[in-house]
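Here the structure comes first, spelled out in structure tokens, and everything after it is commentary.
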Amino acid sequence: MPIIPLTTPLTEDAVRALKVGDTVELTGRVYTGRDAAHHRMHEGTPPPVDLHGAVIYHCGPVMVQENGRWVCKAAGPTTSSREEPYQWEVMRDHGIRGVIGKGGMGPKTLDGCKKYGCVYLHAIGGAAQICAERITRVDGVDWMDLGSPEAVWHLWVVKFPVIVTMDSHGGSLHQQVYADSAKALATLKA
Amino acid sequence: MTDTATPDAALGVSLLELIRSTSCVLPADVVTTVAAGRAAETAGSNAAYALGVVCDNITMAKAKSQPLCQDTGSILVYTNLPRGYDVHAFETAFIAAVKQATKIGYLRQNSVDAVTGKNSGDNVGPGTPNFHHHQWDGDHVEIRLMLKGGGCENVGAQYSLPHPDLGGRDLKGVENAILDAVLKAQGQGCGPGILGVCIGGDRATGYGNSKEQLLRLIDDANSDPVLGDLEKRVVDKANRSGIGPMGFGGATTLLGCKIGKLNRVPASFFVSISYMCWAFRRQGVALDAAGGISRWLY
């Protein structure tokens, strides 16, 4: 598989060029944002950072402070489907271009990717060390009142490995695998 | 910490080591099945790529002594205690070890008030950690620890049979219910997964027993041959579904399925399914009289 290098912030052109199945290595700024952060934005609080062109990572990392600096001990993706009610709004209102997570998302998000030029990037679930190794710096944190796992962490990543599973052209590996596996299991029914 | 000669201090050291090891070191039976799954995938596929990353992650977590997965999950503690053992002192020591493990970063801050959303910051609060004590005839203490992440816990399911699409109160209905849970889980529980299943019981004991099934070794043989056959059928069919690792498509959807049963009341027939992710963190220790680790159980 050829690996596509991408640097954040992402341009719409770079996002539109991606297709389901592409392997990407991402370098640059990535912000974590999961359940509580999405809920807070949905309720009307503006994001604590400028998200235009940004990539949001569905992740609640293990962070510890060592010598006054935050160190990331583990940082794999969390399940993205919980942000399905909110993600398209963040695309529309705040201009994000990429979402990293796991497990894929539903039709609202897929439609948002198409309409606003965004891409869903699948990290390997559970692989918290492989992911953490590519996080070279933790540069800050917002919304710490939500608790460390739910806070918005400012990460710097280098060659962070992901696979495009939902693109900006309506393609979704998750829809495809669900349909195929439902059909296969129907024929295997007891 | 410095004086391991006194039982309390030695127990504290043992419990912290149990937590560290559970969070950072995947048990041997799981490592073996993950490696077999990787070998079964087509070279160059997304599935092979995913399991390659998983295998590298297993190696790295152990080498760096850092969590396999950032979601260090629900802290589920299962004990076998000899008659007269002080449960309260044990829980106090375990909670102290949990707080220390959280500070070090073996555990994430994972205990959140369900209404206010406030994170306790030290993994301690109502229901966390979660103890399951059993008195036994043995003369020593055994502790099994499972760290079960939220992603896989969320795709657990409980079915009440009969079900209009899945069938009646028989093994066919049970099998269809389990495979329906696998279909709905797709890659969201960080597959390939391992299922713990309980047939029967009530809504609480069914789920409880389904989790206890996960304490069994992946490659053990069910003492009930009927359930053993069902376990094999479920794994075989799930792996023909094409869901694959992470839901990317592929040959490895389940690494195992462990099924138990509990008596039910005539009116109820539950099938309770706990989905465990590939990052199947469970370790166990036997303690000596001084509170030191005499043996690892997995």
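The values are calculated or read from the model by the stated rules, or taken from the named source; none is laboratory data. Owing to the predicted nature of the structure, the values given are computational and were not obtained by experimental measurement. Note: ideal-geometry Cβ built from the backbone for every residue, glycine included; neighbour counts use all protein chains shown. Remember, those area values only see protein heavy atoms, side chains included, never the ligands or the DNA or RNA. Shrake-Rupley method; radii C 1.70, N 1.55, O 1.52, S 1.80 Å.
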Practice prompt. Of the conditions (1) in contact with a helix residue (DSSP H, G or I) (Cβ under 7 Å, 6 or more places away or on another chain); (2) within 14 Å of another protein chain (Cβ to nearest Cβ); (3) not in a loop (DSSP other than H, G, I, E, B), B:Ala97 clears all except one; give me its number.
Written response: (2)
Discussion item. With the requirement that a residue be within 14 Å of another protein chain (Cβ to nearest Cβ), part of a helix (DSSP H, G or I) and either open to solvent by 10 Å² or more (accessible area, probe 1.4 Å) or over 17 Å from B:Leu18 (Cβ atoms) (or both), what does the range B:59-94 give you?
Written reply: B:Thr59, B:Met60, B:Lys62, B:Ala63, B:Lys64
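If you go through the range B:142-152, how many residues are over 14 Å from B:Lys184 (Cβ atoms) and open to solvent by 10 Å² or more (accessible area, probe 1.4 Å)?
Looking only at that region, the number is 3.
Take the conditions in contact (Cβ under 8 Å) with a residue 40 or more places away in the chain, touching a Gly at 6+ places or on another chain (Cβ under 9 Å), assigned by TED's automatic domain parsing to the domain that holds B:Val265 and open to solvent by 40 Å² or more (accessible area, probe 1.4 Å) and apply them to B:Gln100. Does it pass? Give the derivation first.
Working: in contact (Cβ under 8 Å) with a residue 40 or more places away in the chain: yes; touching a Gly at 6+ places or on another chain (Cβ under 9 Å): yes; assigned by TED's automatic domain parsing to the domain that holds B:Val265: no; open to solvent by 40 Å² or more (accessible area, probe 1.4 Å): yes.
Answer is no for this residue.
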Discussion item. For the range A:34-78, give me each residue that is open to solvent by 10 Å² or more (accessible area, probe 1.4 Å), within 27 Å of A:Glu133 (Cβ to Cβ) and among the hydroxyl-bearing types (Ser, Thr, Tyr).
Written reply: A:Thr78
Fill in: the range B:220-253: number of residues that are without any contact (Cβ under 8 Å) to a residue 24 or more places away in the chain, part of a loop (DSSP other than H, G, I, E, B) and not charged (D, E, K, R)
4
Worksheet entry | Filter result (in a helix (DSSP H, G or I) and either modelled with pLDDT under 95 or in contact with a strand residue (DSSP E or B) (Cβ under 8 Å, 6 or more places away or on another chain) (or both)) within the range A:122-142 | A:Ala128, A:Gln129, A:Ile130, A:Cys131, A:Ala132
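Let's see how each residue does on (1) closer than 24 Å to B:Asp288 by Cα; (2) among the small types (Gly, Ala, Ser):
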| site | (1), (2) |
| --- | --- |
| B:Cys55 | no, no |
| B:Met60 | no, no |
| B:Gln70 | no, no |
| B:Glu91 | yes, no |
| B:Lys103 | no, no |
| B:Ala114 | no, yes |
Worksheet entry | Subset of the range A:104-123 that is open to solvent by 10 Å² or more (accessible area, probe 1.4 Å) and within 14 Å of another protein chain (Cβ to nearest Cβ) - its residue that is nearest to the chain's Cα centre (by Cα) | A:Met105
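Kindly provide the set of residues from the range A:94-103 that are within 12 Å of A:His38 (Cβ to Cβ) and open to solvent by 20 Å² or more (accessible area, probe 1.4 Å), ordered by number. Break it down stepwise before answering.
The initial filter retains those residues of the range A:94-103 that are within 12 Å of A:His38 (Cβ to Cβ), namely A:94, A:96, A:99, A:101.
Passing the criteria: only A:His94.
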Practice prompt. Give the residues of the range B:270-298 that are surrounded by fewer than 22 Cβ atoms within 10 Å (Cβ to Cβ), in a loop (DSSP other than H, G, I, E, B) and aromatic (Phe, Trp, Tyr), sorted by residue number.
Written response: B:Tyr298
Fill in: Output for the range A:160-170, where each listed residue is open to solvent by 10 Å² or more (accessible area, probe 1.4 Å) and within 13 Å of another protein chain (Cβ to nearest Cβ)
A:Pro161
Practice prompt. Provide a single number: the residues in the range B:178-201 that are out of contact with any Cys (no Cβ under 9 Å at 6 or more places or on another chain), of a type in the set (A, V, I, L, M) and more than 10 Å from chain A (Cβ to nearest Cβ).
Written response: 2
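For the structure I just gave you, tell me whether A:Asp145 is over 18 Å from the mean Cα position of the chain (by Cα), facing chain B (nearest Cβ under 10 Å) and open to solvent by 30 Å² or more (accessible area, probe 1.4 Å).
Values: over 18 Å from the mean Cα position of the chain (by Cα): yes; facing chain B (nearest Cβ under 10 Å): yes; open to solvent by 30 Å² or more (accessible area, probe 1.4 Å): yes.
Considered against the rule, which asks whether it is over 18 Å from the mean Cα position of the chain (by Cα), facing chain B (nearest Cβ under 10 Å) and open to solvent by 30 Å² or more (accessible area, probe 1.4 Å), A:Asp145 comes out as yes.
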Worksheet item: From the list B:Gly206, B:Gly196, B:Gly191, which residue is out of contact with any strand residue (DSSP E or B) (no Cβ under 7 Å at 6 or more places or on another chain), in contact (Cβ under 8 Å) with a residue 40 or more places away in the chain, buried (at least 24 other Cβ atoms within 10 Å of the Cβ) and not β-branched (Val, Ile, Thr)?
Response: B:Gly191
Worksheet item: What number goes with the only condition from (1) open to solvent by less than 30 Å² (accessible area, probe 1.4 Å); (2) over 22 Å from B:Lys148 (Cβ atoms); (3) at the interface with chain A (Cβ under 9 Å from one of its Cβ atoms) that B:Glu41 does not pass?
Response: (3)
Discussion item. Of the conditions (1) open to solvent by 50 Å² or more (accessible area, probe 1.4 Å); (2) within 8 Å of chain B (Cβ to nearest Cβ); (3) assigned to a helix (DSSP H, G or I), A:Lys189 satisfies every one except a single condition; which number is it?
Written reply: (3)
